[in-house]
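**Q** My questions will all concern the structure given below.
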Amino acid sequence: MKILMVLTSHDQLGNTGRKTGFWLEEFAAPYFVFRDAGVQLTLASPAGGQPPVDPKSDVPANQTSAMSRFKQDEIAKAALAHTAKLEDMKAADFDTVFYVGGHGPMWDLAESPVSIALLESFYNSGKPIALVCHSPGVLRHVTYKGEPLVKGKHVTGFTNGEEEAVQLTHVVPFLVEDELLRLGAIFEKVADWQPFSVVDGRLMTGQNPASSTVAAENLINLLARKAA
């Protein structure tokens, strides 16, 4: 089984002067779910190389067991430091794709023609796609049969309430929940910061950092059923 994990290369939080990037838990937890399942993993980002970690994701209050494991795992650290270039990735080479969240993807991956084409290629070829937290917003320009891919589909993602809680409602280029609703998605959510993942056919989404593990496990289970 081959999974492509996609991370952001964007490290500027709007015009605040603060740094952003990908959320470490949203990489570490799925990475180990996939690796422990014996999956062959490829990591990619728009610029290649080491993607920027959102410094807020690595503060003491946000530490998780997966993050602790990552920091002691030389193989994982080396893989993250040497991501491939997204433009070199082809859907035909993988069984599925998993988009890591964080605020960064809202600026680069959401507007990237390469990312948009890649997601459409996976979906059009009958393969599942999975996105967690802010990365469901990356679907804003992705279409399927001439319509927004998310139209009429059950999805989740970082909620308006969660964005308000981190005080970035007026910093981000768009709100994930509002954007998915605008596109005609059926947006589902649970209480802020609780684990929640939605599977609708070949589209899988997770609400927030706490949803990273369950989203990754759901993806593995979906692939296992497909292979059975």
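The values are calculated or read from the model by the stated rules, or taken from the named source; none is laboratory data. Worth saying up front: this structure is predicted, and the values here are computed from it rather than measured. Don't worry about glycine lacking a Cβ; one is built from the backbone with ideal geometry, like all the others, and counts go over all protein chains shown. For the accessible areas, the whole protein counts, side chains as well, though only heavy atoms, and no ligand, DNA or RNA atoms are used. Shrake-Rupley method; radii C 1.70, N 1.55, O 1.52, S 1.80 Å.
**Q** Helix-only estimate, please: 222 nm mean residue ellipticity of the chain, summing -39500 (n - 2.57) across DSSP H runs of length 4 or more and dividing by its residues, to the nearest 500.
**A** Details: 7 runs with 69 residues, N = 228.
Value at 222 nm, helices only, nearest 500: -9000 deg cm²/dmol.
**Q** Pick the calculated Cα Rg over 2.2 N^0.38 Å for this structure from [x] 0.97; [y] 0.91; [z] 1.29?
**A** [y]
**Q** Mind checking which of LEU80, LEU183, LEU175 has the largest fluctuation in a GNM of the chain, springs on alpha carbons under 10 Å?
**A** LEU183
**Q** Over the chain, with a Gaussian network built from C-alpha contacts below 10 Å, which listed residue (MET204, MET106, MET89) shows the highest mean-square fluctuation?
**A** Between MET204, MET106, MET89, it is MET89 that shows the largest mean-square fluctuation.
**Q** When the chain is treated as a GNM, springs tying every alpha-carbon pair under 10 Å, which of SER197, SER212, SER121 comes out with the largest mean-square fluctuation?
**A** SER121
**Q** Excluding ALA210 itself, what net charge comes from residues whose Cβ is under 14 Å from its Cβ, given Lys and Arg +1 and Asp and Glu -1? Walk me through the numbers on the way to the answer.
**A** Numbers: positive: LYS189; negative: GLU25, GLU26, GLU162, ASP192, GLU217.
Its environment carries a net charge of -4.
**Q** Right, another one. Which aspartates and glutamates have a Cα less than 15 Å from the Cα of LYS77, not counting those fewer than 8 places away in the same chain?
**A** Partners within reach: GLU25, GLU26, ASP58.
**Q** Please label the shape of the stretch 101-227 as rounded, prolate or oblate, based on the square roots a ≥ b ≥ c of the eigenvalues of the alpha-carbon gyration tensor (a/c under 1.5 means rounded; beyond that, a/b larger than b/c means prolate, else oblate).
**A** Oblate shape, in that a/c is at least 1.5 and b/c is the bigger or equal ratio.
**Q** What's the longest piece of the chain with no exposed trypsin sites (Lys or Arg not before Pro), counting a site as exposed if DSSP puts it in a loop and it has at most 13 other beta carbons within 10 Å? Before the final figure, lay out each step's value.
**A** On the way: sites that count: LYS90, LYS145.
Answer - 1-89.
**Q** Ok, one more. Taking every DSSP beta bridge with both residues inside the chain, roughly what % is antiparallel (nearest 5)? Walk me through the intermediate numbers first.
**A** On the way: 8 of 29 bridges.
Rounded to the nearest five, the antiparallel share is 30 percent.
**Q** Mind checking the per residue accessible area of the stretch 86-173 for me, 1.4 Å probe, whole number of Å²? Kindly include the intermediate steps, with their values, before the conclusion.
**A** Numbers: 3150 Å² over 88 residues.
Each residue of the stretch 86-173 exposes 36 Å² on average to a 1.4 Å probe.
**Q** Tell me which lysines have Cα within less than 16 Å of LYS90's Cα, excluding those fewer than 8 residues away on the same chain?
**A** List returned: LYS2, LYS127.
**Q** Another one. Using a 1.4 Å probe over the heavy atoms of the protein chains, calculate the carbon and sulfur portion of the accessible area of the stretch 31-100 as a whole percent. Don't jump to the answer; show the numbers that get you there.
**A** On the way: 1820 of 3480 Å².
C and S fraction of accessible area: 52 percent.
**Q** While we're looking at this one, here's another question. Quick one: of LYS153/LYS226; LYS85/LYS226; LYS71/LYS151; LYS56/LYS189; LYS71/LYS226, which pairs are farther than 30 Å apart, Cα to Cα?
**A** Details: LYS153/LYS226 20 Å; LYS85/LYS226 28 Å; LYS71/LYS151 39 Å; LYS56/LYS189 23 Å; LYS71/LYS226 33 Å.
The pairs that break the limit, which is 30 Å between Cα atoms, are LYS71/LYS151; LYS71/LYS226.
**Q** With θ set to phi - 60°, apply the Karplus curve 6.51 cos²θ - 1.76 cosθ + 1.60 along the stretch 17-31 and write out the HN-Hα couplings as whole Hz, x wherever there is a Gly or Pro.
**A** Coupling constants for the stretch 17-31: x, 8, 8, 9, x, 9, 8, 4, 4, 6, 8, 5, 4, x, 3 Hz.
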